[in-house]
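What follows is one structure encoded as C-alpha cells, with my remarks underneath.
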Amino acid sequence: MSCIFCKIAAGELGTKFIYESDDIVAFRDLNPQAPQHILIIPREHIEKVSDLQEKHLNIAGKLLLAAQKIAQKENLAEDGFRLVINNGKNAGQEVMHIHMHLLGGRKMNWPPG
Ligand code: AMP
C-alpha cells in the first residue's frame, strides 16, 4: 500500500482522528491554511472526484455529512467554514486519494486562488 492517506486511514501512522466512522476518517492537515484545517477522507481508495461512480453515492454523501458534524464539533458551524475538493492537476491535487478540506476560523476570500 503506497498511498499515504490509505496508511493514515488504516491507523498505520498513528494519526489522531478528529472524526472516525466505518467509512470515513478526518484528521488535521500537516500544513494548515487556516486556524482550522481538517482533511476528511473515505477509507476506500478513490483517487479523485472524476473517478466517482454510482456505487460511491453513499460515501460521497457521508463525506459531506462528516464535514457538517465536524464543523459542529469544532464550533465552526455558526461563523461558517469552507469545503474544498481539489480534483486533478489544474486544481493542484497533490494526494491522489480523494479528500475534502474543511477550512475555518478565519474569513475566507472569494474568488479562491
Ligand atoms: P491537495 O492539494 O488537495 O491534494 O491536498 C493535500 C493536502 O494533504 C495538503 O494540504 C497537505 O498539507 C496534506 N497532507 C499531505 N500529507 C499529509 C499527512 N501525512 N498528514 C496530514 N496532512 C497531509
Within the accessible area of the range 4-104, what % is carbon and sulfur when the probe is 1.4 Å and the other protein chains stay in place?
49
Per-residue accessible area for Leu64 at 1.4 Å probe radius, Å² rounded to 10?
100
What per residue convex hull volume, in Å³, comes out for the chain when only alpha-carbon positions are used?
113
Relative to the longest principal axis of the chain, what angle (0 to 90°, nearest 10) does the C-alpha long axis of helix 57-73 take?
40
Sum of side-chain charges, Asp79 neighbourhood, beta-carbon under 15 Å (Lys, Arg +1; Asp, Glu -1)
+2
Relative contact order, percent, the chain [alpha-carbon distance under 8 Å, six or more residues apart]
30
For the chain, what is the accessible area per residue in Å², given a 1.4 Å probe and the full set of protein chains?
63
Ranked order, Phe5, Phe17 - accessible area, probe 1.4 Å, largest first:
Phe17, Phe5
If you average the alpha carbon positions of the range 15-54 and of the range 80-108, how far apart do those two centres end up, in angstrom?
10
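The values are calculated or read from the model by the stated rules, or taken from the named source; none is laboratory data. Every value quoted in this text rests on a predicted model; they were computed, and no experiment measured them. Here Cβ is always computed from backbone atoms with ideal geometry, including for glycine, and neighbour counts include all displayed protein chains. Heavy atoms of the whole protein, side chains included, go into the accessibility calculation; ligands, DNA and RNA do not. Shrake-Rupley method; radii C 1.70, N 1.55, O 1.52, S 1.80 Å.
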